């Protein structure tokens, strides 16, 4: 099940409630991704935008601000900023991962080249900083600059953690906190900051985003072994072929006997993969029930996200954010 | 002649006068390029920093601020910010250009991989934004965010302008204004802004940096055909092999007869380069005297830089900045 294919999903309910705000976010994104001088820029960005991302991160910013009673204009700029940062990291990720498919379509690095993906990504990063400067809030700039650094740090850590069987669940958590949860957390936090609510609520929003992002990424990594590429838009086994150590494999390596360990050493550390290896890996994940254990971890983080919102009074938006946490894991429930 | 090999160069005089400030800039750069979690980051950045860049851009910020009578602390942060942006663009440039040598040493993408260069570059960009947020000045953030966007835009424009014989001197100027002059201009401008001088002086500093940067890049492009790799640290003919259209070739294409044009179409547009083509290209540049014409353009921009500083009262720092403009072109005088 994808996040897009039903009408009563929390994501869709959020999208309806926030439709006016989101329309302004989309207009701002379209306006700011243009470039007078370099037509390659809108070509590449339009390709990504038309692919119809879920706009999950900017929606978090809008929802957080609105739940906190905000009625100004900055949340639209912040939501667009968050989406620009996200889009920039997607472009660079696809270069780093040498991916061929994103959101069910060929990636920009395949349609144009790696050079365009690197430089247009840089352009979007810079655009995101221009937008956040316009909010006139040093605190949100601080939060979003920190998030950007943490994202890059997580991605670099992932590079060195890949192909290394010593990578354990602590390192894995650090990687996904960086590459995914940091932006979810910042997206929620700046919504509260721009609304000017008390520190306790800002911290709660940040905790919600952090746990939601971790849950989201664990599910993503699970679907890489357990998903259907026609609905996830991803190629099953990508992480395996790229020799990335994600939770299902890390758990299986921890339980491996000598023969199994030799298998993991060959396919992950030495990268000597042969036909049938993915199937063998899947059999080992099944034998040790690590897909099920990974699913449980995702559920646990979704619960943690929901608990973080306990101090907010009941409201429709709070309800939708709670449901969203359930929904992220419903992809694997 | 490189910028580094003599003792009475304006660059060295500036470095001596600004030694205390620069020491603090270097300490800040070292502190902020560290990463607790991802050891690959300091490895890559140390490689670049130890290669001993000229620190020309941060020195411009320090000199501009001091010339404007500034006595606070922000100029050190701004100078480090500027150097971080520059270093990030170097890392990404080397990926885009598939370069093997930078500052006379193997490039990071060669020693590690393109992935590390992309992601560590992103990390340094994010670090630069963290640093500029610490200055608490929305105006300098605005200037530096704009510069970052303009740099990326110039680089993307260069991608599409390369391999296209329709690229004329106007497009070339736009490319180098983006990829090089934008950061020179911003480096000088933020020095004046942080010192709080009148708008006229801030505009003059920006104009100085813009013209100096243009002159600097024209000289760089000239040296790519006319330099000595043992002093420039560059490989002669790189631009030719990468089919980049820079001023010497653009001028030669404009004067080409039919046979010469066929040569440029083959080597630049079609990229079917053979042994002896670089020598043939050099012969055409000599026949049409385009290296000499390019040199004259660089000198003209250096004059423009100097004139921009006319409204500042005489001072040692002003003298050094004037000499610096001469010195940038002295590499080809």
| message | Checking residue B:87 against (1) more than 20 Å from residue A:149 (Cβ to Cβ); (2) within 14 Å of chain A (Cβ to nearest Cβ): exactly one of these is not met. Which one? | response | (1)
| message | As an exercise: evaluate residue B:151 against (1) without any contact (Cβ under 8 Å) to a residue 40 or more places away in the chain; (2) within 22 Å of residue A:141 (Cα to Cα) and give the number of the one condition it does not meet. | response | (1)
| task | Name the residue, out of B:252, B:310, B:325, that is crowded, with 20+ Cβ neighbours inside 10 Å and closer than 30 Å to residue B:204 by Cβ. | result | B:325
| task | From (1) closer than 22 Å to residue A:331 by Cβ; (2) in a helix (DSSP H, G or I); (3) under 25 Å from the mean Cα position of the chain (by Cα), pick out the condition that doesn't hold for residue A:268. | result | (1)
| remark: When every residue in segment B:41-50 that is at pLDDT 75 or above and out of contact with any helix residue (DSSP H, G or I) (no Cβ under 6 Å at 6 or more places or on another chain) is compared, the one farthest from the other protein chains (Cβ to nearest Cβ) is B:46
| message | Can you tell me which residue is farthest from the chain's Cα centre (by Cα) among those in segment A:11-36 that are within 14 Å of chain B (Cβ to nearest Cβ) and surrounded by fewer than 17 Cβ atoms within 10 Å (Cβ to Cβ)? | response | A:36
| at the interface with chain A (Cβ under 9 Å from one of its Cβ atoms) and either touching a residue at least 60 places away in the same chain (Cβ under 8 Å) or outside any helix (DSSP H, G or I) (or both): does that describe residue B:124? | yes
| remark: If we ask which residues in segment A:5-40 are modelled with pLDDT of 85 or more and part of a helix (DSSP H, G or I), their number turns out to be 20
| note | Selection from segment B:130-149 of residues assigned to a helix (DSSP H, G or I), at the interface with chain A (Cβ under 8 Å from one of its Cβ atoms) and surrounded by fewer than 22 Cβ atoms within 10 Å (Cβ to Cβ) yields B:130, B:138, B:142, B:146
| Taking into account only those residues within segment B:155-175 that are more than 8 Å from every other protein chain (Cβ to nearest Cβ) and surrounded by 24 or more Cβ atoms within 10 Å (Cβ to Cβ), which is nearest to residue B:206 (Cα to Cα)? | B:175
| task | Could you look through segment B:98-118, keep only residues that are more than 8 Å from chain A (Cβ to nearest Cβ), in a helix (DSSP H, G or I) and buried (at least 20 other Cβ atoms within 10 Å of the Cβ), and pick out the one that is modelled with the highest pLDDT? | result | B:117
| remark: Being assigned to a helix (DSSP H, G or I), surrounded by 24 or more Cβ atoms within 10 Å (Cβ to Cβ) and either modelled with pLDDT of 95 or more or in contact with a strand residue (DSSP E or B) (Cβ under 6 Å, 6 or more places away or on another chain) (or both) narrows B:62, B:91 down to just B:62
| request: Can you work out which of the residues in segment A:255-286 that are out of contact with any helix residue (DSSP H, G or I) (no Cβ under 8 Å at 6 or more places or on another chain) and in contact (Cβ under 8 Å) with a residue 24 or more places away in the chain is surrounded by the fewest Cβ atoms within 10 Å (Cβ to Cβ)? | output: A:271
| note | Conditions (1) outside any loop (DSSP other than H, G, I, E, B); (2) modelled with pLDDT under 95 -> residue B:281 fails only (2)
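The values are calculated or read from the model by the stated rules, or taken from the named source; none is laboratory data. It should be emphasised that the depicted structure is a prediction, and the values quoted were computed from it without experimental measurement. Here Cβ is always computed from backbone atoms with ideal geometry, including for glycine, and neighbour counts include all displayed protein chains.
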